[in-house]
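Please treat every number below as a calculation from the coordinates, not as lab data. Being a predicted model, the structure only gives us computed values, none of them experimental. Cβ placement follows ideal geometry from the backbone for every residue including glycine, while neighbour counts extend to all protein chains displayed.
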Amino acid sequence: MLVETVRFGRLDIPNEKIVTFPQGLPGFDTLVRWCLLHQGELLAINWLQSVEDPEVALLIADPESLFADYNVSIDVKDLAPIGVNPQAHDKAAPPIVLRVVISVDRAAGTLTANLAAPILINVETNLAMQMPLLDTPYSMRQPVPVPEKPAAASAGAAPAARLSVDASAVTNRTP
């Protein structure tokens with residue numbers, strides 16, 4: 001599929017790489033089809049480019065690469081809109097990729113991450129959603145830490161950010 005973009009020009013994106021947000025994204029309710037674009041070698045940072053509007057692209061990141069202690073727990077039943085069957089994922093975690101939207105304040109020269117509403121992408125179905133977290137300690141405008149030295153980001157073995165899916169509330173389970 002040829003995708004016209006303002007930022008990246010014309011792109012040829014395979015149809016199987018299109019990610020669909022059935023409910024849209026807050027602020028972009030009518031834009032449901034998107035593609036992920038990698039920023040060179042930085043696999044933890046992507047552009048989420050609208051396939052339907054060439055002017056709309058969001059900077060997103062793997063929160064694990066930015067916030068080692070980021071921990072999100074989501075009930076598996078809440079993942080039904082992106083094709084997760086609670087009974088199928090009774091014990092194993094569903095194949096979900098977690099991303100957060102990054103905002104750039106050019107005037108202040110700062111970056112913030114929306115940790116209070118991560119994007120969840122089901123890699124089996126290519127369906128996605130933004131999940132507002134209730135009663136969360138996380139901020140919609142969490143300052144993104146900028147390492148003093150590039151080597152500092154990879155030094156040490158910090159605990160990874162986690163997405164845990166609670167399957168304990170699933171009904172019709174057999175012991």
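With a Förster radius of 25 Å applied to the beta-carbon distance between Glu4 and Asp29, the computed FRET efficiency rounds to 0.75. Here the 3J(HN,Hα) profile of the stretch 47-52, calculated from phi with Karplus coefficients 6.51, -1.76 and 1.60 at θ = phi - 60°, is 9, 9, 9, 5, 7, 9 Hz, Gly and Pro shown as x. With neighbour counts taken as other beta-carbon atoms within 10 Å, the residues Arg141, Arg10, Arg106, Arg99 rank, fewest first, as Arg106, Arg10, Arg141, Arg99. With neighbours defined as other Cβ atoms within 10 Å of a residue's Cβ, the residues Ser73, Ser103 order from fewest to most as Ser73, Ser103.
Charged side chains reduced to their Cβ positions (Lys and Arg at +1, Asp and Glu at -1) give the stretch 5-96 a dipole of some 180 debye around its Cα centre. Amide H to amide H, with H built 1.01 Å from N, Leu127 comes under 5 Å of Thr20, Asn122, counting only residues 5 or more places away or on other chains.
Other residues within the sphere of radius under 11 Å centred on the Cβ of Val19, judged by their own Cβ, net out at +2 (K and R +1, D and E -1). Amide H to amide H distances under 5 Å link Ile74 with Ser164, Val165, Asp166, where only residues 5 or more positions off or on other chains count and H is placed in the peptide plane. Evaluated on the stretch 16-144, the Kirkwood hydrodynamic radius is 15.3 Å, with distances taken between all distinct Cα atoms.
Residues in the stretch 116-124 carry Karplus couplings, in order, of 7, 8, x, 9, 10, 10, 7, 6, 7 Hz; the curve used is 6.51 cos²θ - 1.76 cosθ + 1.60 with θ = phi - 60°, and Gly or Pro positions show x.
At 0.36 nm per residue, minus the direct Cα-Cα distance, what do Ala68 and Ala88 gain on full extension? Give it in nm, one decimal, please.
Here the answer is 4.3 nm.
Counting only DSSP beta bridges whose two residues both lie in the stretch 2-145, roughly 95 percent are antiparallel.
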